[in-house]
Amino acid sequence: MPRLSTPRFSLVPITLPMLEAVVTNHRALAEQLAGAVFPDEWPGEDLIARAFPYSLEAVRADPQRRLWGDSLVVRPAQARGWPPRVVGSVIFHGRPEDGVAEVGYGVESDSRGQGVATEATLACVEWALGEPGICAVQATTFPWHLASLAVIRKLGMELMTTRDHDTLGELLVFERRR
């Protein structure tokens with residue numbers, strides 16, 4: 001994925017060296033590779049498990065496919081000398097073989113409710129839909145996750161189906177086609 005820009009953010013592609021630094025708790029190296037500081041609570045084990053449900057070995061075996069479209073959402077340097085800061089991420093679940101990409105997103109707690117997820121994810125969805133072989137992008141969420149539902153609707157996605165989650169109940173599947 002190329003580096004993308006939105007009116008407020010840079011979307012920095014996640015590379016294998018960056019992911020290795022995050023997973024092995026080399027925060028300074030991860031920040032250097034990202035060109036931005038991470039939020040205090042990032043990266044945590046829970047975030048890594050949700051964003052990268054496959055092993056580091058699987059990513060190393062095929063980084064082009066596994067890290068396809070994955071990016072950090074970086075807010076540029078602010079006044080008072082504040083450095084660029086990672087405020088979120090947009091993650092695809094690897095380059096799809098069937099042409100239907102699945103996207104997920106997360107925003108650090110101090111930046112929620114400011115349109116970060118919508119702005120960054122929309123740029124990534126539009127990029128993905130412009131890629132050869134991609135015919136649709138899907139996103140999933142729970143009926144009770146109102147913030148996520150709002151983002152998905154702003155992305156222009158439509159409810160396609162539901163499926164059951166092992167522990168949390170009904171999962172809604174939304175989709176936007178090319």
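The values are calculated or read from the model by the stated rules, or taken from the named source; none is laboratory data. A quick note: this is a predicted structure, and the numbers were derived from the prediction, not measured. All Cβ positions, glycine included, derive from the backbone under ideal geometry; neighbour counts span all protein chains shown.
Annotations for the structure displayed:
- The set of residues in the range 98-139 being over 22 Å from A34 (Cβ atoms) and at pLDDT below 95 consists of G113 alone.
- Test: residue in the range 31-47 that is under 21 Å from E97 (Cβ atoms), at pLDDT below 95 and over 16 Å from the mean Cα position of the chain (by Cα): no
- Identity of the residue in the range 19-39, in contact (Cβ under 8 Å) with a residue 24 or more places away in the chain and more than 21 Å from Q78 (Cβ to Cβ), that ends up surrounded by the most Cβ atoms within 10 Å (Cβ to Cβ): V22
- Considering the range 144-178, and only residues there that are of a type outside the set (A, V, I, L, M) and closer than 15 Å to L129 by Cβ, the residue that is modelled with the lowest pLDDT turns out to be R178.
- Residue in the range 146-170 that is surrounded by the most Cβ atoms within 10 Å (Cβ to Cβ), counting only those that are part of a strand (DSSP E or B) and among the β-branched types (V, I, T): T162
- Hey, R75 within 17 Å of L4 (Cβ to Cβ) and among the basic types (K, R) or not: yes
- A count restricted to the range 51-63 and to residues that are at pLDDT 90 or above, farther than 26 Å from E108 by Cα and of a type outside the set (D, E, K, R) stands at 1.
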